[in-house]
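See structure below.
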Amino acid sequence: MIEEPARTAALRCPDWPVTAARRREPALVGVPVAVVDRGQRGLRVVAASAEARAEGVTRGLRRREAEARCAGLVVLDVDEAGDARAFEEVARAVEQHVPRLVLHEPGALSFATRGPSRYFGGDDALAQLVVEAVAGLGITDATIGIAAGVFAAGLAASRSLVVERGETVEFLATWPVSVLAGPVEASYGDGAALVDLLARLGLRTLGDYAALPESAVAARFGPPGLLAHRLARGEPGHEPLAREVPPELVETMELDPPATRVDEVAFAAKALADRLLGRLDAMGCCCTRVVVEAETEHGERLTRCWRHEGALTPSTLVARVRWQLEAWLVASDSGVAAPGATAADAADAADAEMVTGGLTVLRLAPDDVIPATGRQLGFWGGDPAAADRAGRALARVQALLGSDAVATALPVGGRTPLERVRWVPWGDARDSPSEAAPDGRSEAAPWPGAVPGPAPARVFDPPVPAALLDARGAPVVVSGRGEVSAPPVALDCAALPGGGGPLVAWAGPWAHDLRWWSQRRRRVLWQVVVDARADGRGQVACLVAVERGRAAVEALYD
């Protein structure tokens with residue numbers, strides 16, 4: 001039986017990106033605000049103010065739909081670094097009462113309650129004290145929850161609830177299985193798919209899922225299901241490490257001369273992160289919490305612990321280190337006063353955050369090491385670790401061959417398979433699929449005359465010259481009215497096995513008028529099946545275009 005997790009308090013500041021933006025720009029107070037982020041599905045709302053929510057703006061809405069629901073909505077782009085700098089003030093306020101804070105993301109932190117609760121007279125007194133400390137900064141919507149384990153504490157924080165000792169399992173039993181999507185997504189990907197499967201199987205609450213035998217869960221759902229099952233039972237999300245972690249597993253770099261700019265320290269942070277995670281990977285381990293330490297030339301020592309749901313990847317680790325460095329080096333010079341705070345409070349806060357010299361030492365120390373899952377990563381998709389590895393590999397190739405040498409395909413509108421793809425250099429902003437291409441083509445617009453599916457397996461760019469022949473061996477041509485000179489009987493092309501052969505079947509032609517408003521062009525398309533058995537490869541289907549009396553093979557089908 002796995003031991004129950006330690007009692008943990010979780011502090012949440014709902015819609016923190018909006019709160020942070022208002023602290024940076026007080027003019028936004030009282031007006032409807034929404035913060036959007038560009039993900040795989042385009043610009044979506046990730047946070048909204050109370051005024052915007054009253055008008056129907058919710059998380060996940062597209063930007064245009066949010067603006068349509070709320071007149072006068074102020075839309076801001078997400079600024080994770082700025083949110084982290086602003087949240088450092090909250091962390092310092094809480095740190096005055098409790099030690100060993102763990103930051104999850106801007107707007108969320110947690111800490112163990114065993115010592116502080118005994119000192120302040122119980123969990124309820126501790127929760128009240130922390131909420132009052134945050135309210136003193138002008139943040140009145142912060143909530144805190146206390147339960148056994150980080151996962152249960154986070155759920156309790158959404159209800160501002162202190163779960164009594166020994167009642168965490170009963171507290172979790174009533175929650176829907178949808179709350180498991182986040183932890184599973186961060187660790188394995190496809191969290192929504194697992195949750196949907198559980199719901200379709202009739203397992204709609206954590207209690208229903210926790211009642212299943214662990215062996216049956218492992219056999220049916222695998223490692224993602226086991227993680228969700230442990231969380232539903234109120235147990236730690238990962239198994240304990242079978243061996244001790246070497247104490248020297250700490251990466252340190254001295255900065256000479258002392259660094260005063262974030263970008264200077266960011267290079268050191270990237271090297272430290274790669275070395276640390278590389279050593280952990282060689283041990284068959286991964287890290288979920290890391291302590292970021294820095295020392296200044298005047299002897300000041302700064303420490304902050306960051307946690308990530310799931311194993312830290314180089315990109316996620318570097319991002320959190322950079323956020324913390326900006327909070328130390330940039331926020332200390334900003335002198336931003338909290339709305340509603342007195343002048344004395346603002347001065348005290350500025351003094352507490354001031355860094356009086358450049359950084360001379362940067363150190364990364366793993367704080368929570370767990371066994372690596374050993375799962376097979378896909379090259380593409382929503383897996384953050386796989387996407388990070390692919391991104392670093394492509395960036396290295398791009399540095400060797402040039403920015404235009406590495407590109408990814410973006411679907412756009414068009415009639416032929418070649419016209420339906422636009423190549424975007426790696427690293428450039430990818431427009432939403434609903435947006436138009438530079439030449440005006442839009443996937444959302446109807447395209448009469450488009451080549452029907454299924455999609456071909458190989459598309460040639462440019463098309464390969466070919467000869468579409470009739471029974472006399474003459475090229476097949478099409479008149480301006482779409483009349484065929486003779487039925488096609490053979491196709492010769494270097495792209496085909498054996499150079500082509502007789503036609504087994506064909507469909508078409510489909511006539512297209514291209515750019516009639518500027519330079520009128522006529523094109524016809526054929527879908528043909530070529531008998532290439534002379535080459536020993538059977539039949540080959542392809543798409544042939546005929547324009548100005550010349551034929552070309554545009555694509556091959558499986």
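Within segment 134-171, being β-branched (Val, Ile, Thr) and assigned to a loop (DSSP other than H, G, I, E, B) holds for Ile139, Thr140, Val163. Scanning segment 537-558 for residues that are assigned to a strand (DSSP E or B) and small (Gly, Ala, Ser), we see that the one that is farthest from His512 (Cα to Cα) is Ala541. Being under 27 Å from the mean Cα position of the chain (by Cα), outside the structural domain of Leu317 (by TED's automatic domain parsing) and either closer than 26 Å to Ala365 by Cα or at pLDDT 80 or above (or both) is not true of Leu241. From Val544, Val553, Val530, which residue is more than 16 Å from Phe460 (Cα to Cα), β-branched (Val, Ile, Thr), modelled with pLDDT of 85 or more and in the same structural domain as Gly473 (by TED's automatic domain parsing)? Being more than 16 Å from Phe460 (Cα to Cα), β-branched (Val, Ile, Thr), modelled with pLDDT of 85 or more and in the same structural domain as Gly473 (by TED's automatic domain parsing) holds for just one of Val544, Val553, Val530, which is Val530. Note on segment 180-198: residues that are assigned to a helix (DSSP H, G or I), crowded, with 17+ Cβ neighbours inside 10 Å and among the small types (Gly, Ala, Ser) amount to 4.
Given the condition within 25 Å of the chain's Cα centre (by Cα) and touching a residue at least 60 places away in the same chain (Cβ under 8 Å), answer yes or no: does some residue in segment 42-54 qualify? Yes, because at least one residue in segment 42-54 is within 25 Å of the chain's Cα centre (by Cα) and touching a residue at least 60 places away in the same chain (Cβ under 8 Å). The single residue among Gly473, Gly500 that is assigned by TED's automatic domain parsing to the domain that holds Arg548, surrounded by 17 or more Cβ atoms within 10 Å (Cβ to Cβ), among the small types (Gly, Ala, Ser) and modelled with pLDDT of 80 or more turns out to be Gly500.
Residues that are at pLDDT below 60, surrounded by fewer than 20 Cβ atoms within 10 Å (Cβ to Cβ) and more than 31 Å from the chain's Cα centre (by Cα) number at least 2 in the following helices (runs of 4 or more DSSP H) confined to segment 301-387: 343-353.
Of (1) among the hydrophobic types (A, V, I, L, M, F, W, C); (2) within 29 Å of the chain's Cα centre (by Cα); (3) under 23 Å from Trp16 (Cβ atoms), Leu198 satisfies all except one. Which? All conditions are met except number (3). If you check Arg279, Arg220 for being exposed (fewer than 13 other Cβ atoms within 10 Å of the Cβ) and either modelled with pLDDT of 85 or more or under 18 Å from Val321 (Cβ atoms) (or both), only one passes: Arg220. State the number of residues belonging to segment 112-135 that are in contact with an Asp or Glu (Cβ under 6 Å, 6 or more places away or on another chain) and loosely packed, with under 13 Cβ neighbours inside 10 Å. Residues flagged as in contact with an Asp or Glu (Cβ under 6 Å, 6 or more places away or on another chain) and loosely packed, with under 13 Cβ neighbours inside 10 Å within segment 112-135 amount to 0. Just give me the residues in segment 143-191 being hydroxyl-bearing (Ser, Thr, Tyr) and under 17 Å from Arg233 (Cα atoms), in sequence order. Thr168, Thr174, Ser178, listed by residue number. Scanning segment 98-151 for residues that are within 28 Å of the chain's Cα centre (by Cα) and polar (S, T, N, Q), we see that the one that is nearest to Arg307 (Cα to Cα) is Ser110.
The values are calculated or read from the model by the stated rules, or taken from the named source; none is laboratory data. All figures in this text were calculated on a predicted structure; none of them were measured in a lab. All Cβ positions, even for glycine, are placed from backbone atoms using ideal geometry, and neighbour counts span all protein chains on display.
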